[in-house]
Each structure stands twice: as structure tokens, then as C-alpha cells.
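The values are calculated or read from the model by the stated rules, or taken from the named source; none is laboratory data. Please read all numbers here as calculations on a predicted model, not as lab measurements. Ideal geometry is used to build each Cβ from the backbone, glycine not excepted, and the neighbour counts take in all protein chains shown. The protein model used for the area step is the full one, side chains on, heavy atoms only, and it has no ligands, DNA or RNA in it. Shrake-Rupley method; radii C 1.70, N 1.55, O 1.52, S 1.80 Å.
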Number of protein chains: 2
Amino acid sequence: MLTERQIQVLQVIIDEFIQTAQPIGSRAIAKKEDIPYSPATIRNEMADLEESGFIEKTHTSSGRVPSEKGYRFYVDHLMSPFRLSNQDMTTIHQTFEREMLEFERVVQKSARVLSDLTNYTSIILGPQVFETTLKQIQIISLTDYTAVAILVTSTGHVEHRHFNVPSTMQSSDLEKLVNILNDRLVGVPIIKLQQKLYGEVAQMLKRYSSDFETTYSFLKDALLEQQPVKLYMDGKTNIMLQPEFHDIHKIQSLYTIMEKEDEMAHLLRTSGKGIKVSIGQENQLDAMQDCSLITATYSLGEEQLGTIALLGPTRMEYSRVVTLLNVLSKRLTNTFDSWH
Amino acid sequence: MLTERQIQVLQVIIDEFIQTAQPIGSRAIAKKEDIPYSPATIRNEMADLEESGFIEKTHTSSGRVPSEKGYRFYVDHLMSPFRLSNQDMTTIHQTFEREMLEFERVVQKSARVLSDLTNYTSIILGPQVFETTLKQIQIISLTDYTAVAILVTSTGHVEHRHFNVPSTMQSSDLEKLVNILNDRLVGVPIIKLQQKLYGEVAQMLKRYSSDFETTYSFLKDALLEQQPVKLYMDGKTNIMLQPEFHDIHKIQSLYTIMEKEDEMAHLLRTSGKGIKVSIGQENQLDAMQDCSLITATYSLGEEQLGTIALLGPTRMEYSRVVTLLNVLSKRLTNTFDSWH
DNA sequence: TTTAGCACTCAAGATATTAGAGTGCTAACA
DNA sequence: TGTTAGCACTCTAATATCTTGAGTGCTAAA
């Protein structure tokens, strides 16, 4: 186990390295106020810390750098709760203060504020609308053979899909159809739409429609098409500000992975409830082996809605970032609760 | 003026440099089939070409590199029409072939195909809907004090806005309001909405509504809010593949400018009709001084709808890119015409 | 247990060396 | 008069060499 003094040294190394991105030497540590020991003593402690894998050398005669195990220890045991500056707090509050109604805007602004305050890249996974219900369906025909279906959910989310209208259908048929659908489906949770459609509505339609098969299949197209979960990112260029990403190839592989929305979405979706920290190799994706990803979930009532995350170098301001994500995820949760 | 032989040399230099990104020496040029002269002769011609500013040296004893003036001459006079490979053509056709209804998808796919085929970054400015008319307005109330307005245009574009409902309004009032709006505004070109709203509809409302002022102001919010022109980009990482962009700082300033949607939109919007080529310093934006931007417009009928563009290094495959943009802008124009 | 002292290591910056690609110029040639 | 061979010259880029300074590990003394 680590002695009190070793922990103290480790803390200084990590804190310092997070600030400077430079290896820390024994002399520098000894100069710190809380450290009443000589460089030689520190060197002994550092040798021990290195042996147990909490710090590393970049070469034989360099100062020490935290290892991933070191960061992990820091995050799990050492991290002191961060006190956000007043300025940061007002920035956050202002984001939510202004009259804002649309879900997407709130999320977008949150992403912006996160990346602005941290200089890392923010990623927000839009809500998976489990609890939300269908508010209304509209079908508006555009030409003789095309129309657009508009779904509005109880949270005010609007989705629209274009589809081909079967040639056997008249516009009066469409109207009747919309009535049936609204009759049967309004108030139904979005995720149960499919089930309902296969069941009740299918029954209903069979009785009513002369051409059940086509009607039914186009309905499936319009209502059930896989709705992509939306991903909001901001501050992608921030990554390039970090000295550890001055290498084009690293940047490129990172950007390439970030462009793959489904992989990113999957990553955020499978992060557990609450705040999670993935350091370096702990990340699944190869391109992120030099990064840390901190995720936090926001929710509505009991239901987990989505995830907000920050992506930066393993040398991350963990305590500040965790605090920020905490504040923001709570703020988001509150906002959505207040709509309900 | 340039002699026939000088033009020949210039052509080789540009063609070669576009491929290799390396300065071209007299020996390399003399080896070309079409060139029956010795390196010494070529050197004389090169000296002349340099004097007139069409080519440059990177240092005293290096081969020559095209100058921006050289590229400009190439684009204006030398460029031979490019024959797209069958593979490229089928890739393009497949993009449009599949049953596709939604405007956004078509544009997105176009952006993807452009960046895939060129390894440059594609930028498409969504349509400015001059001619399109309002198809239908829906207002759906979400809570007692919020509602969402949905506008559908004749091209099938769907916009929605959230807004606060004045507390004096009942849901029955909303319904009546929607009826009035549809009555008066359906079929009106989108750009004339504002005018109509200020005129006729205002009259109508004054007569009908007890609380004209609030109703009117919330309508303005819902209908006239500046709708952002949408910008679709693809292949942003492609820029990093180019050897001239191995410098982080260039990349960063380029990415930063690309994130400013309004500036990019303005840039594309003010590009003239047809195909335009901006080489290096000809570009307005500082961050693009090492790039070339090729733009092409697509339209519906006489009305110019939007712009598609490719952003790459000044050392660009001009002739291929121009051909591609030509094909694609025509394809887009056709597609939209067929909807009309 | 702590510390001073010292030899040792390594990265990074400065400087020198070399090889090769390419030029410009001159003089000869067709 | 246009073309070319030849040669001295220039500059880059790669490689090797040297120097400095930060930092370590170990030992012996306090």
C-alpha cells in the first residue's frame, strides 16, 4: 500500500502534470510548500511509486509522469471536490436562464458551454425517448405520390419522414388514415408504437382498408424507420490545442472516429448511470487510447434520457471536469423535469 | 505572351505537381514523351516562365512549382475536359438512383459522394427556398404555455419552432388562429410570408383577436425567426491527408473557420452562378489562403437554389473536380426539377 | 530516517559534414 | 539562330558530433 507521503508526492506529480504537460522532477516537488523533504528523499519515494506503477519515466533521466494506473488512483481516491469559479457558474446559469423551449437548443448550448469552459471536446447524446409519448401525427401530401408524415412527441420533439403514397390511396383515404392513427396512437409511448401498430392498428386497418398490405407497409416506413439518436458535439478543434495531440496522425484517427456517429453514440449509450471515467487504454476504441472520456447521464424522473461527455487527453483536469459534468447533468435533468 | 513550348512545359509542371506535390526539375520534364528537348532547353523555358510569374522555386536550386498565377492560367486556358472513369460515374448514379424523397438526404449523400471521390472536403449550401411556397401550417400545443408550430413547404421541407403561448390564449383560440393562417398563407412563397403577415393577416387578426399585440408578436416569433441556411459538409478529415496540411496550425485555423457556419454559408452564397474557382489568395478568408475552393450552383427552374463546393489544397485536381461538380450540380438540378 | 554529494544518463539544441538534386551560364554545335 | 553538353555553384535534407542541463540512482554521512 502507499504511504501518506507517497500519496502526497503522487498528488503533486499529477496536479502539476495536468497543468504543465511536462515531466516533474524531484527538485520541483521538493520546492512545493507542503513538502518539507529534500529532493533526495522525494527521489526515493518516486522510485517506490514507479515500482508500483503509479508513475513513469519518459526516459532514463527524465522527471516522472503519471501512468494510467496513477490517474485511476487519483480519480478513485485523491481527487478533491473542485470549487467552480463564480465566472464559470454564471456562464452555466446563463445558458439555462434565457427563455428556451426547444430540447435541441438546450442540448446544443450545453455542448457549447462544456467545450468552452474546458477546452476539451464535448459530446452529448440526445435523449432516448422512453417515456415520451406521441402527441400528434400529421400527414401532409406533397404531390400525388409523395407525402410527409410529422410526429410530435410530448416533449415537443418533432420528427418528419417522407414517403411514397401507394397509388391506390386517395387524399381522402389519407385523411381517414390520419384520424385512425391519432385515435389509436396518441398518448402511446414512442417505443411502444411498433407493438401497437402491429397489434390494434393492424386490426383496425384490415377492416377499413381495401388494400391493407400496401397501406401497412408504407406506414411502417413512415413511423418505424430507425430514428437515429442524435449526437451533439462541440469544440472538436480544442483537441488540437493539447500538446499531446500535436501529431497529425493521432488527430486524424481521432477525428475519423468522431465522425462515426453510431460508434460514438454506442459508446455513450453503454456508459453506466452517473459519472464514469475511462482513462486511456480503458477506452474501447483504439483511436482513444491516448484520451480520457468522462461521461455523465441526465434523466427525466427515473428514466435515463441521455449522456453528456467530455473527451480530452489522459492528462485531464479530472476534478474540474467531473464537477462541471455533475452540475450540467443536474441542470439538464432539472430543466426536463420542469417541462413535465 | 507564352510560346507554345512554354505552355507545354507549364502544363507538364502543373500536371505533375498536382500528382506528386514535389517540385519538378528540368530533367524530369525532358523525360516526358511529348517533350523532345534537352533539360538545358527546358531550363531556359522555365527561366522565362518564372520571370513571367507562372512558376516558382522553393529555393535557389530546387525544381519548379506552379504559382497561383500558373494555376489560374491552367484553369482558364489549359485545363482539358476530364473523362470520369466508369466507376466514378456509377458511384454518382447510384447515389441518385435509389428511391429518395427527402431533400436533405439527397444533399447529404451528394456531399458524401463528392468527398469520397475526391479526397477533398465537400461543402453544400442547402437551398434558399425562393420559389417554394407554404404548404401547410400546424400548431400543436404541448403544455398550457408552450406550443410547437410546424411549417411544411411545397418542396417537402419541414420546419418547426417552439414558442410561448400568451396566457390569454385558449387552445380553441389557437385552433381558430391556425385556420386563419392556413386560409391566408397557404400557397404564399416563403419569402413573402413576412410581408403578408404584416399586411393582410394583421388586418384579419385585429378584427378577430381581443389581444392583438401579443398574438401578433408571438406569431412573428414562430413564423419569421431567421431560418438558418443549412450547410452540409463531408470529408473534413480528408484535408489532413494532403501533404501541404501536415502542419497543425494550418489545419486548426481551417477547421476553426469551417466550424463557423455563417461565414461558410456567406462564402458559398456569394459565389456567382455556374462554376467558379478561387485559388489561394483569391479567397477572402485568411485561413483559406493555401486552399482552392471550387463552387457550382444548382437550381430549380430559373431560380438558383444553392451551392455545392469542394475545398482542397491549391494543388488540386482542377479538371477532375470541375467535371465532378458539373455532373453533380446538373444531377441535383434534375432531381429537384423532377419534383416540381 | 533523512540528506548531501557525485557520477551517470539522456534529450534536445547547436553545429558540421555530406550527398544529391537542380540550377544558371558559357561555349560549342547543327 | 535555336539547341545542347558541360561544369561550377547552390541549397536542402539527412546524418553525425558536441554541448548543455535537467534529472536520476547510489553511497556514505548526519
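Figures for the structure shown
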| quantity | calculated |
| --- | --- |
| Test: B:S115 is open to solvent by 50 Å² or more (accessible area, probe 1.4 Å), of a type outside the set (K, R) and either part of a helix (DSSP H, G or I) or within 16 Å of DNA strand D (Cβ to nearest atom) (or both) | no |
| Criterion: away from DNA strand D (no atom under 14 Å from the Cβ), within 21 Å of B:G312 (Cα to Cα) and out of contact with any Pro (no Cβ under 9 Å at 6 or more places or on another chain) - qualifying residue of B:E16, B:E50 | B:E16 |
| Filter result for B:T90 (part of a helix (DSSP H, G or I), within 16 Å of DNA strand D (Cβ to nearest atom) and more than 14 Å from chain A (Cβ to nearest Cβ)) | no |
| Sole exception among (1) at pLDDT below 95; (2) within 16 Å of DNA strand C (Cβ to nearest atom); (3) under 28 Å from B:N326 (Cβ atoms) for B:S62, by number | (3) |
| Condition broken by A:Q11, with the remaining ones in (1) touching a Leu at 6+ places or on another chain (Cβ under 6 Å); (2) over 24 Å from A:N119 (Cβ atoms); (3) not basic (K, R) satisfied | (2) |
| Given (1) within 30 Å of A:F336 (Cα to Cα); (2) under 23 Å from the mean Cα position of the chain (by Cα), number of the condition A:N86 does not satisfy | (2) |
| First in the range B:259-277 and assigned by TED's automatic domain parsing to the domain that holds B:K330, second anywhere and modelled with pLDDT of 90 or more and loosely packed, with under 15 Cβ neighbours inside 10 Å, Cβ under 7 Å, 6 or more apart | B:L267/B:Q284 |
| Residue within the range B:281-298 that is within 14 Å of another protein chain (Cβ to nearest Cβ) and among the polar types (S, T, N, Q) present | no |
| The lone exception for A:D88 - which of (1) at pLDDT below 95; (2) under 30 Å from A:L332 (Cα atoms); (3) open to solvent by less than 60 Å² (accessible area, probe 1.4 Å) it fails | (1) |
| Unique residue being in contact with a Gly (Cβ under 6 Å, 6 or more places away or on another chain), away from every other protein chain (no Cβ under 14 Å) and away from DNA strand D (no atom under 14 Å from the Cβ) when the list is B:E97, B:E68 | B:E68 |
| Meets criteria (farther than 27 Å from B:Q281 by Cβ, more than 16 Å from DNA strand C (Cβ to nearest atom), open to solvent by 50 Å² or more (accessible area, probe 1.4 Å) and assigned by TED's automatic domain parsing to the domain that holds B:L332) for B:T95 | no |
| Filtered residue count, the range B:286-305, keeping only those that are at pLDDT 90 or above and surrounded by fewer than 17 Cβ atoms within 10 Å (Cβ to Cβ) | 2 |
| Single residue of the range A:306-333 satisfying the filter (farther than 29 Å from A:G70 by Cα and in contact (Cβ under 8 Å) with a residue 60 or more places away in the chain) that is most open to solvent (accessible area, probe 1.4 Å) | A:R331 |
| Residues of the range B:273-290 classified as hydroxyl-bearing (S, T, Y) and part of a helix (DSSP H, G or I), total | 0 |
| So A:A202, is it in a helix (DSSP H, G or I), on the phi < 0 side of the Ramachandran plot, within 13 Å of chain B (Cβ to nearest Cβ) and of a type in the set (G, A, S) | no |
| Odd one out for A:I29, checked against (1) hydrophobic (A, V, I, L, M, F, W, C); (2) within 16 Å of DNA strand C (Cβ to nearest atom); (3) under 16 Å from A:E317 (Cβ atoms) | (3) |
| Residue list for the range B:32-57, restricted to those being within 28 Å of B:N119 (Cβ to Cβ) and more than 10 Å from DNA strand C (Cβ to nearest atom) | B:K32, B:E33, B:D34, B:F54, B:E56 |
